[in-house]
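The values are calculated or read from the model by the stated rules, or taken from the named source; none is laboratory data. Note that the structure is predicted; figures quoted are calculated from it, not measured. So basically every Cβ, Gly included, is an ideal-geometry build from the backbone, and we count neighbours across all protein chains shown. Accessible surface is based on the protein model in full, side chains and every heavy atom, while ligands, DNA and RNA are left aside. Shrake-Rupley method; radii C 1.70, N 1.55, O 1.52, S 1.80 Å.
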Amino acid sequence: MKTRTMDGTLFANMIRGGAASLSAKRQLVNDLNVFPIPDGDTGDNMFMTIDSGVAALGKDEDTSLSSTASAAAKGMLLGARGNSGVILSRIFAGISQGLAGAESADVTLLGKAFETGISEAYRAVSVPVEGTILTVYKDAVQYAGSRIKRDSTFESYFDNFLKELRRSLQRTPELLDVLRQAGVVDSGGAGFIYIAEGMQNALKGEDITFHAPVAADSPVDFSAFDENSELTFGYCTELLLRLQKSKTDIDRFDMDGFKEYLNRVGDSVVVFQEGTIVKIHIHTTKPGEILSYCQQYGEFLRTKIENMTLQHNELLLQRQHQYEPPITKPHKPYGIVSVAAGQGIKELFTSLGCDKVVDGGQSMNPSAEDLLCAFRQINADNILVYPNNSNIILTAQQAALLYQDAMVYIIPSKTIGEGYAAISQLDTDKEDVHEIIAEQKEIIAGVVTGMVSKAIRDTEQDGLVIHKDDYIGFVGSQIYHAAPDKNTALTDLAAALQTGTYDIALVICGESVTAEESQAVYDTLHQRYPRTEIFMIDGQQPIYDYILTLE
């Protein structure tokens, strides 16, 4: 084939092809993790990001290239997870910007749009690191773009694009020592290659099983809402409405009146307009009336209606307390959102005063939309966000840019220990929020957080030989010790970090730690470091057997 024109239908198919290809290979991408512990989630994060773009495409194939690219980019923006997912979403945001206003494109225009993706992706990262997906994408775009000729086709462009993607990926260990030492290539770059391969397959017209977007629905517990139940909390109703020229004057659409109606008939209302799309979130006991009202102005692209009483009852049955009824919360100057995994850790952060604790952490990064949902439930002028994981900071920053109803500030906590120390010493009595943030960053800088986790493969780092099933003690990317059992790994790590020179040592025990192991660790640390206060918490977190926080 010699394709010289790309329209919205073809581009939509290529994005679906990219998602399908990555879906089949995402575990391979996950396995490219640098650290020898089960924290590889790049493939999952990138897939869920592009899958959100696929979901945003809907079923309408008769759209311009510009609107198709915009819809996919907006979907990825909200669904972005992890650093690689955020960068992927910014790449497609740049491509969308480069295609703005275009009904279709030739190779030259697409090449320029891909170049815009470079600048947008690099802009998303405060300190760009070469040897990552950023480099791989940039190299490929520049190589393929330099070879565009008058007779070029999209097939020839993607041949060159993929050729350089693969070559650049193989060069990533030359640019990053951590990749070279681990004997792997960059996982984000690998994930993008699978996306590009799927896009190329769709371009060539190959048969691709376009997957349906991953459903977040879980089986319904019918016993949680039976024939005798009463609808206490109403329905959480989320709608994507496309305004229709046949139903309303789009240029004069009364958004203020629209909002006023929704606030009269429901609560927890979030509504905003982007072009001809209106996104609506509302809690109501009569979703049918909402649907009828909205349909006066357009047609639905997506609807989601959930019985919140059912959700509430299910969570009570599971002894979980993550759901909060839609009540009007008192206004306050500061709200706090943190991210954590493990019921004990989440309860700890709640006890420290967090308004919302978003479920997430290593290998389970929340999306921008997850964080936006948390922001919407807080009635505050300023919202302080503690990601508690370096792979969540970019997502949090993206969510902060999208939220309009409060000032959102990201406190760059990279570990649970940093988040705990910062929140436990948070002083919001000061009027200057920037002074508060500066103090929080200073607190974080004085915290050391060590981790213990089981190795999932043999490796060697800085002369330290690690065998599969060893327990390793590490801080950041530096591994200090490997031991045959988790308690020895922790006590060795505590010694290496000079725990006795700190006033406080907080040990958070993971879900694999028994009561006997926890007591034994406490006894050892208390005996060795009598001047340091030792606190033990049953965090129940996955992956990390122990989290050691020193202040």
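Just a few scattered comments:
- Flag if Glu164 is assigned to a helix (DSSP H, G or I), in contact with a Phe, Trp or Tyr (Cβ under 6 Å, 6 or more places away or on another chain) and not polar (S, T, N, Q): yes
- Count - residues of the stretch 1-15 that are open to solvent by less than 30 Å² (accessible area, probe 1.4 Å) and of a type outside the set (S, T, N, Q): 6
- For the stretch 136-145, filtered to residues that are under 30 Å from the mean Cα position of the chain (by Cα) and under 14 Å from Ser119 (Cβ atoms), the residue that is surrounded by the fewest Cβ atoms within 10 Å (Cβ to Cβ) is Gln142.
- Annotation: Ser453 fulfils all but one of (1) in a helix (DSSP H, G or I); (2) of a type outside the set (Val, Ile, Thr); (3) open to solvent by less than 60 Å² (accessible area, probe 1.4 Å); the unmet one is (1).
- Remark: pairs (first residue in the stretch 124-139, outside any helix (DSSP H, G or I); second residue aromatic (Phe, Trp, Tyr); Cβ separation under 8 Å; 6+ apart in sequence or on different chains) = Pro128/Tyr122.
- Where strands (runs of 3 or more DSSP E) fall wholly inside the stretch 352-437, no range has 2 or more residues that are open to solvent by less than 10 Å² (accessible area, probe 1.4 Å), touching a residue at least 60 places away in the same chain (Cβ under 8 Å) and out of contact with any Phe, Trp or Tyr (no Cβ under 6 Å at 6 or more places or on another chain).
- Residue in the stretch 104-115 that is nearest to Asp159 (Cα to Cα), counting only those that are open to solvent by 30 Å² or more (accessible area, probe 1.4 Å) and not in a helix (DSSP H, G or I): Asp106
- Residues within the stretch 51-76 that are farther than 16 Å from Glu369 by Cα, modelled with pLDDT under 90 and within 25 Å of the chain's Cα centre (by Cα), tallied: 2
- Flag if Ala100 is touching a Ser or Thr at 6+ places or on another chain (Cβ under 7 Å) and assigned to a loop (DSSP other than H, G, I, E, B): yes
- Of residues in the stretch 456-480 being more than 30 Å from Ile423 (Cα to Cα) and part of a strand (DSSP E or B), the one most open to solvent (accessible area, probe 1.4 Å): Glu460
- With respect to the conditions (1) modelled with pLDDT under 90; (2) part of a helix (DSSP H, G or I); (3) surrounded by fewer than 24 Cβ atoms within 10 Å (Cβ to Cβ), Val29 lacks only one, and its number is (3).
- Residues satisfying the stated conditions in the stretch 76-96, i.e. over 25 Å from Ser390 (Cβ atoms) and either small (Gly, Ala, Ser) or out of contact with any helix residue (DSSP H, G or I) (no Cβ under 9 Å at 6 or more places or on another chain) (or both): Ser96
- So Thr532, is it β-branched (Val, Ile, Thr) and either more than 17 Å from Gly446 (Cα to Cα) or in contact (Cβ under 8 Å) with a residue 40 or more places away in the chain (or both): no
- Residue within the stretch 34-48 that is hydroxyl-bearing (Ser, Thr, Tyr), at pLDDT 90 or above and open to solvent by 10 Å² or more (accessible area, probe 1.4 Å) present: no
- When every residue of the stretch 83-103 is checked against the conditions, at least one turns out to be farther than 30 Å from Val339 by Cα, in contact with a Phe, Trp or Tyr (Cβ under 7 Å, 6 or more places away or on another chain), open to solvent by less than 20 Å² (accessible area, probe 1.4 Å) and without any contact (Cβ under 8 Å) to a residue 40 or more places away in the chain.
- Considering residues of the stretch 520-542 that are open to solvent by less than 30 Å² (accessible area, probe 1.4 Å) and in a strand (DSSP E or B) only, the residue modelled with the highest pLDDT: Ile534
- Candidates Ile148, Ile118 - the one that is at pLDDT 95 or above, in a loop (DSSP other than H, G, I, E, B) and open to solvent by 20 Å² or more (accessible area, probe 1.4 Å): Ile148
- Given (1) modelled with pLDDT under 95; (2) surrounded by 14 or more Cβ atoms within 10 Å (Cβ to Cβ); (3) touching a strand residue (DSSP E or B) at 6+ places or on another chain (Cβ under 8 Å); (4) within 27 Å of Gln343 (Cβ to Cβ), index of the condition Ser512 fails: (3)
- Where Tyr546 falls short, out of the listed (1) farther than 23 Å from Ala340 by Cα; (2) touching a helix residue (DSSP H, G or I) at 6+ places or on another chain (Cβ under 6 Å); (3) among the aromatic types (Phe, Trp, Tyr): (1)
- Residue satisfying all of: in the stretch 249-296; surrounded by 15 or more Cβ atoms within 10 Å (Cβ to Cβ) and among the basic types (Lys, Arg); nearest to Arg376 (Cα to Cα) among these: Lys279
- Test: residue in the stretch 329-345 that is free of Cβ contacts under 8 Å to residues at least 40 places away in the same chain and either surrounded by fewer than 24 Cβ atoms within 10 Å (Cβ to Cβ) or among the charged types (D, E, K, R) (or both): no
- Subset of the stretch 153-178 that is touching a helix residue (DSSP H, G or I) at 6+ places or on another chain (Cβ under 9 Å), of a type in the set (S, T, N, Q) and open to solvent by 20 Å² or more (accessible area, probe 1.4 Å) - its residue that is nearest to Thr5 (Cα to Cα): Ser156
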